[in-house]
Every structure is written in structure tokens, then in C-alpha cells.
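The values are calculated or read from the model by the stated rules, or taken from the named source; none is laboratory data. All figures in this text were calculated on a predicted structure; none of them were measured in a lab. Here the Cβ positions follow ideal geometry from the backbone for every residue, glycine too, while neighbour counts run over all protein chains shown.
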Amino acid sequence: MNKIISKEHFSEKVFKLVIEAPLIAKSRKAGHFVIVRVGEKGERMPLTIAEADPVKGTITLVVQEVGLSSTRLCELNEGDYITDVVGPLGKATHIENFGTVVCAGGGVGVAPMLPIVQALKAAGNRVITVLAGRSKELIILEKEMRESSDEVIIMTDDGSYGKKGLVTEGIEEVIKREKVDKCFAIGPAIMMKFVCLLTKKYEIPTDVSLNTIMVDGTGMCGACRITVGGKTKFVCVDGPEFDGHQVDFDEMLKRMGAFKDIEREEIHKLDPVKPDTCEAVKAADDRNATWRADLRKAMKPKERTAIPRVKMNELDPEYRSHSRKEEVNLGLNEEQALTEAKRCLDCANPSCMEGCPVGINIPGFIKNIERGEFLEAARVLKQTSALPAVCGRVCPQEKQCESKCIHLKMGHEAVAIGYLERFAADYERESGQISVPEIAEKNGVKVAVVGSGPAGLSFAGDMAKLGYEVTVFEALHEIGGVLKYGIPEFRLPNKIVDVEIENLSKMGVQFVKDCIIGKTISVDELEQEGYKGIFVASGAGLPNFMNIPGENSINIMSSNEYLTRVNLMDAASEDSDTPVTFGKRVAVIGGGNTAMDSVRTARRLGAEKAMIIYRRSEAEMPARLEEVKHAKEEGVEFLTLHNPIEYIADEKGRVKQVVLQKMELGEPDASGRRSPVPIPGAVETIDIDMAIVSVGVSPNPIVPHSIPGLELGRKGTIAVNENMQSSIPTIYAGGDIVRGGATVILAMGDGRRAAAAMDKQLRG
């Protein structure tokens, strides 16, 4: 939490807040912004940094009461604390000696313009500043601007101060009397649009700073996307400053109004209201232990294989399709778990373990379930897995451990390893007797983890067991990464993730939230603070889009944005400040697990028609079979062999239709997968009011691009060797930042492999 050091009332609805944020103050540059959140149910809101004092460790924000979130912030007083402040974010302003520069600031846009004016003046420019507001009361920071400008021109709409007229009139006055080499404009979007129309006429290069709608601010959600020069850009990572002559302001203005109606309703919220640790360590888990041998003798292999595979208990499809937070899979009861465990043959060379990326002792924990030692089964799981309750729910066991089960070779269904893993982890949690893995004596060596997703948590757990002092740095305000923002609670409840994280805390792992490595703290600074090894697990949260006509229409968002709003920010709850669109006819583009999560979420938020649109056949869908099954049971429609080629919007810029190209499968590619090809002339148009694009993600560039000399792969991933070591010996990486997109369990496997390798390196 960040303390408000001082608060100044500029005008009726404009406030200046000086906030305690030493790390941000130290690393901030002109043009940078922060993401602010007020209250546990607050919305994430971008605000540009007006000033910073590295000595005092403070930053200055100038805030105007506009909607619910900004009003909540402005209601805080000196001495109060802001729940989250994360940054600095975005790219710094490019400063050089351009010559004569006009800096146009409108309203609260004057505040972020101040450090730019100061930097331009320091670089030797002649700086002419034009300040604009509706009236005298809305002109801010005049004194500070005069101190760093060669000339200040003030324009007011009503003529109450300075000259009467618009900001563009003040700029044109300068252009007509002398040569202007560069223009900067910050203010309302409509103001920046007209400034750019003016300067384009005079062929004056113009940079604008955009403040679009954001959710995470780190490039993960895609909410802030705009069109610049005909290409989609993300304001939070590619900006916030762009060539104003290339920005599609009309599209931007429409997108910024996407949640106005919801905001109007939400603002009424401001109206006055009338376990203990299990110490027991039991018998060895070795296969040759007496109890294991006795279990194998208790039943013949034929008797075990004759037992039918257990069926998962589930909520009724009709009921669950309207329940956002109740878990669909209910888990096994004790009787079911005991019976299913008997199916395991306890193979001498268990092939199932070959399919597990983290090397879980699968027969070891299953046989403990068979003998009724459920807590011991959980302990065995924790020897290798930091997140057993998570993996038991979301891992594609059918493609990994279960695909290697000996039962399949015998013509039977595989042992339900995932169900049993979940059972053991859930039993332990519900018993209150949560075990902590054995921890080696502390060695005093500090290691840092960048990102708290599955790869980072897995690495942290293994290094803590080995005696290292582990600190995990997370950019968001919650620990868990994709486990929290990406996976809905009907599939993975947050309380499950929280228990797993709490267990890591008991092991000594430290967690730091709201801290962006590469922005808030650099890798060099981590090394200066004594961290001897760094594991980068920052994920691949940059959403991909199809770049087809109309894709930036209102109510078209990435699955990352949609799921982050609903899962992390709990936007669908009445007491949440973050808005979300409740579509009635929702099209989800894609066929992976994230697409299934999105379409099933839309159904739960009231969609009357929720559709999966996928360009291949159902057989090629990468989503888990269970997720496809659940989606169908919940009323989701599947339009396979269809591919969007255009979106059509209404007069307000809101999507109303999608144009689909019908496809057929062509010849197999090198991998044997048949590629979809368009059927000539086969096109159809369907009515929608919302689209969610789920066509993959790219690596987030913030961390990799902040490390000089770090070798990257072709698609911006971090290049590593077989030990997950990067081109910089002290830096390891794993998960989606290396793979570009993978499963939870593969990411965890990367974390374990990196931990083993780093431990070996640090021990010499």
C-alpha cells in the first residue's frame, strides 16, 4: 500500500496527490505512467506521473474526478493509503534538441506535460507551452510551466483567463509567426485529434500521449489497443506516446466510450447509504516397502484392470451454466478414491511418470490412497509438486501422465491420476493438517523470481526446499499469475490457489506485489541487492489478434482482457468497480482451453447464444476433451470449420455482426495436421453483440527487452538451453516466456528443471 503524503485541491474536480512510492520515483522518466487501484474491489486505472522526487521517494499524480474509480481516489486524504500503485509503465518520452517545440496541454493533461517540458528545455529546445481549459479555474501548474518554458500561452473556452478560444487557436498563432519543428499534445482525446489535424496541415511532427482503457497495464489484456498507421498497437507497452498523425482517433474515441453506460450506473455506488502443520512422517514411499508389496499381493492384476474407471461427480449442467463461482467438478468421495486407486498396478517401471513434466511419484501417492493414508499421499505429491490441488484440476492428464498408463495398452481406460491427485490435495486442505515439505538449512543465498504463475511458483518451491532465500516479484496486485487472472473459478477456485501460495509462504518464500521487473526495479538493481540468480517466468500475456477489418470495434476484446476483468477483478459482481460487457450473442474465436473458459464464462454472465468459432474441425481442437464436453452440456454452440474475415459495427462503433468464411480441411502438413482452406464463395454473416478473440498469445516484451545482452528467440521468447539457462549465466527462464504458450504443468516442469540447474551452478 502507498501512503498519500499530501493532497492539493486544484479546482472543483481536480486534485494533486503526492504519493509515497520510492522504487517508482527512482526509476520513473518523463512520459511514464502508473496503474492505481483503490480498494480490494477497485478498478485498475492508468495515471501519468506528473513529477517524481527520488530523494523523498515520492511521485505526483494529478487526478480529475470523471468516473467511479477516479472519484474514489480523489476522496482519499493525506495520510490515507492507496491499495496498489504499480509502475513505472510505458515507454519514456523521446527527448532531443528539436529546435522550437510547441507543447499543448489541455485540462489535467497539463500535469504529464510538465516533465516533458522540463526535459525538452534541459535538452536546449525553445519551448512554447500552450495551456488550455474551459475556464480560469481549470488552468493548472501555470507557475511551474513558466519556469521551464520560453513562453506560455493560455487559452480558455470562456475567455475568463488568457485568450478566449481553443488550444488549436493558440498553437496556430505560434505556427503563423515562427517556424515550429515539433509539437507535443496531451489532453482529452478529442483535443489531441484536432491538434493533430492542425499540425498535419502544416506538416509539423506531433507526438501525443494516449490514456486509453486498461486492465493490467503490462500488455497482457489488449484492452488498450488502438490503430496506428493501420496497425494495431498496445498503448501500455508500445506507448503511451505515438505519432499523432498516424493515430485513428475516431476509433479510439469510440473504444474509450465502451463502458460509459455501465460507469453511469456504477457511479451510484458513491451515493450515501441510507491448519496446523502435520508433523507425522510415515513409512517410506519406496516401492519395495513392506506395505507396498502387501498391497500388490492383495489383488491380482486382472482384478484391478476389471474395475471400471471412476466418473467425476459434477454439478448439473443447467444449474452450473448460471453459477459463475461454483466449481463444475465436485471431486471424488473417499469410497470412489479408494476404488480408483486399486486400479493402479504399481508397475515396476511406471510409464505414467514419464508423461509427468514435474516427475511426480504417481504410484507412490496412489498407493497411499489405496491404503487409506490420504495425508501421506498429499505429502508424497508435495515432494515434487508445488501446486497439487491446481494440477489435479487444470492439467491435461489425458495428454500427459494418463496417456502413458499401462491400462491403455491393455485395452482399458487409464487410471484417473488427475482425479486422485485432486482428491489427495483437497483431503489434506479440508482436514486442516497441511504438511510443509522438508526444508534444508538456510544457506543465505538470495534468488529472485519474476512472475508468480505456475513456472515461478514451482521454481520458488524447489529453491526454498534447497535452503535458498526466495523472493517472488509479481506485477499484478494478486499472487498466482494466470491461475488467478486466466482460469475461471468454476474450473479453479481462487481459494484453492491461495492455499497453495500460503504453503509456499510457510516454506519461507517471500512475495512482492505491484512490482514490475524491468520497470519498477531493473535486473541490475536486483543483482546489486545481492540476488545471485534470477528466474524469469513473466509469461506470454500479450494477446494476439487476427488483424481483420473491424476488429477494434467496441465489445471485441481478447480472452485475456475478458477473463482478467471477470476473474481477477471480479467485474461481474455488483460490488466491483471494474466494468464488463454482458453480451447476449457472444462469439468466441478459437478452440483452446482459454476459448472454452471464455465462452463458458459468457454463458454464465447471461449470454443467450454463446458460440465457439473455430477454423478447423472439432477433432483438431487443442482444448481438453473435458472442457469441450462441459461447454456442450452448458449450451455452447460450436461453429467449426468457420473463420472470421470481418466484423461489422453499428453507428456507435459497437460490433453487431461477424462475417465468416467457411473452411474445409486440406492436405496434411509436415506434422500430419490438416490445414484449413477457404471454400470459395462460402461466406455467411451472423448477428453478435460481443466477440472474444482467443487465438493465442505472444511473450510479454517488458522483462526480456529490459535486460541488455539477453538472447531472444524468433518470436520474442527468451532463448534457453536444456537447463533453462539463458545467454546470461545468472538468468534462467521458463514457462510461457520461453515456450510462447503452454500448459500449467509444462510451466511447472520448467521451473523444477531451472531450480535444479541453478542450484548446481550456485553450489559450484
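Which residue is surrounded by the fewest Cβ atoms within 10 Å (Cβ to Cβ), if the candidates are limited to segment 715-756 and must be over 20 Å from ILE702 (Cα atoms) and among the charged types (D, E, K, R)? Across segment 715-756, the extreme among qualifying residues is GLU722. Let me confirm something: among GLU664, GLU626, GLU651, which residue is acidic (Asp, Glu) and buried (at least 17 other Cβ atoms within 10 Å of the Cβ)? Every option except GLU626 fails the conditions.
Can you confirm whether segment 678-686 contains a residue that is surrounded by fewer than 12 Cβ atoms within 10 Å (Cβ to Cβ), over 26 Å from SER598 (Cα atoms) and not assigned by TED's automatic domain parsing to the domain that holds ILE521? Looking through segment 678-686, at least one residue is surrounded by fewer than 12 Cβ atoms within 10 Å (Cβ to Cβ), over 26 Å from SER598 (Cα atoms) and not assigned by TED's automatic domain parsing to the domain that holds ILE521. Cβ-Cβ contacts under 8 Å between residues 6 or more apart (or on different chains), taken from a first residue in segment 112-138 that is closer than 19 Å to ASN211 by Cβ and outside the structural domain of ALA25 (by TED's automatic domain parsing) to a second residue that is surrounded by fewer than 19 Cβ atoms within 10 Å (Cβ to Cβ) and of a type in the set (S, T, N, Q), are listed as LEU138/SER11. Answer with yes or no whether ARG343 is touching a Lys or Arg at 6+ places or on another chain (Cβ under 7 Å), crowded, with 18+ Cβ neighbours inside 10 Å, of a type outside the set (Val, Ile, Thr) and at pLDDT 90 or above. The answer is yes for ARG343. GLN661 falls short on exactly one of the conditions (1) of a type outside the set (Ser, Thr, Tyr); (2) out of contact with any His (no Cβ under 9 Å at 6 or more places or on another chain); (3) under 30 Å from MET220 (Cα atoms), and that condition is (2). All of (1) out of contact with any His (no Cβ under 7 Å at 6 or more places or on another chain); (2) outside any loop (DSSP other than H, G, I, E, B); (3) farther than 27 Å from TYR562 by Cα hold for PHE15 with one exception: (1).
Within segment 670-687, the set of residues being of a type in the set (S, T, N, Q) and either modelled with pLDDT under 95 or under 13 Å from ARG616 (Cβ atoms) (or both) comprises SER671, SER675.
Checking each residue in segment 304-341 for being touching a Phe, Trp or Tyr at 6+ places or on another chain (Cβ under 8 Å), over 14 Å from ARG604 (Cα atoms) and part of a loop (DSSP other than H, G, I, E, B) picks out VAL310, MET312, GLY331, LEU332. In a residue-by-residue description of segment 23-33, the property of being over 21 Å from VAL110 (Cβ atoms) and among the basic types (Lys, Arg) applies to at least one position.
Considering only residues in segment 545-570 that are under 15 Å from the mean Cα position of the chain (by Cα) and in a loop (DSSP other than H, G, I, E, B), the one that is surrounded by the most Cβ atoms within 10 Å (Cβ to Cβ) turns out to be MET569.
Anything in segment 353-376 that is assigned to a helix (DSSP H, G or I) and either closer than 17 Å to VAL744 by Cα or under 32 Å from the mean Cα position of the chain (by Cα) (or both)? List them, or say none. Hits for segment 353-376 are MET353, GLU354, GLY355, ILE362. Scanning segment 25-48 for residues that are closer than 22 Å to TYR485 by Cβ and either in a strand (DSSP E or B) or hydrophobic (A, V, I, L, M, F, W, C) (or both) gives PHE33, VAL34, ILE35, VAL36, ARG37, VAL38, MET45, PRO46, LEU47.
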